[in-house]
1. Enumerate the pairs (first residue in the range 82-106 and farther than 11 Å from residue 4 by Cα; second residue anywhere and exposed (fewer than 15 other Cβ atoms within 10 Å of the Cβ)) with beta-carbon separation below 6 Å, excluding pairs fewer than 6 apart on the same chain, so at least 6 apart or on different chains.
2. Can you pull out the residues in the range 116-148 that are under 21 Å from residue 91 (Cβ atoms), within 15 Å of the chain's Cα centre (by Cα) and part of a loop (DSSP other than H, G, I, E, B)?
3. Go through the residues of the range 92-101 one by one and say whether even a single one is closer than 22 Å to residue 37 by Cβ, modelled with pLDDT of 95 or more and either in contact with a strand residue (DSSP E or B) (Cβ under 6 Å, 6 or more places away or on another chain) or not in a helix (DSSP H, G or I) (or both).
4. Would you confirm whether any residue within the range 104-112 is modelled with pLDDT under 95 and either over 11 Å from residue 61 (Cβ atoms) or crowded, with 17+ Cβ neighbours inside 10 Å (or both)?
5. Can you pull out the residues in the range 116-140 that are under 22 Å from residue 31 (Cβ atoms) and touching a residue at least 24 places away in the same chain (Cβ under 8 Å)?
């Protein structure tokens with residue numbers, strides 16, 4: 001049974017394992033002791049963080065980061081590739097979008113790499129459109145936003 005749960009610290013080992021797996025599936029290197037250290041302190045770095053479980057196994061994540069001035073950012077949208085094309089990525093993203101709307105945010109941003117073709121198509125279907133660079137993530141080359 002698929003369930004989205006709000007992150008709790010006891011999920012940290014599964015979160016780090018899943019994130020490393022998803023990064024490898026995308027051809028990226030996960031650096032939890034370096035540039036991805038924010039995954040080691042979820043409460044400090046995100047307004048909210050969700051985990052998708054298939055039974056007891058974490059298979060996906062999404063998160064919301066506050067950018068200030070009524071703006072937020074969709075972060076950590078990862079899904080084990082075995083579960084792609086089943087609507088789970090959309091469900092995780094929609095969970096963050098709904099939470100942002102209910103929380104009073106006016107705009108949601110995201111960044112990604114152009115090599116993530118499927119993700120870009122998903123974001124466009126959700127209502128995001130390309131915008132100018134809004135952060136210093138030099139790995140990203142696509143920046144998108146959505147009015148909430």
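1. Here the result reads 105/70; 106/70, each pair linking the range 82-106 to a residue that is exposed (fewer than 15 other Cβ atoms within 10 Å of the Cβ).
2. 116, 128
3. Filtering the range 92-101 for residues closer than 22 Å to residue 37 by Cβ gives 96.
Right, trim to modelled with pLDDT of 95 or more and you get 96.
In the following step, the residues that additionally are either in contact with a strand residue (DSSP E or B) (Cβ under 6 Å, 6 or more places away or on another chain) or not in a helix (DSSP H, G or I) (or both) were identified as 96.
Taking every residue of the range 92-101 in turn, at least one turns out to be closer than 22 Å to residue 37 by Cβ, modelled with pLDDT of 95 or more and either in contact with a strand residue (DSSP E or B) (Cβ under 6 Å, 6 or more places away or on another chain) or not in a helix (DSSP H, G or I) (or both).
4. Within the range 104-112, one or more residues are modelled with pLDDT under 95 and either over 11 Å from residue 61 (Cβ atoms) or crowded, with 17+ Cβ neighbours inside 10 Å (or both).
5. 116, 119, 135, 137, 139, 140
The values are calculated or read from the model by the stated rules, or taken from the named source; none is laboratory data. The structure presented is a predicted model; accordingly, all values stated were derived computationally and were not measured. Heads up, the Cβs are rebuilt from the backbone with ideal geometry, glycines too, and the neighbour counts pull from every protein chain shown.
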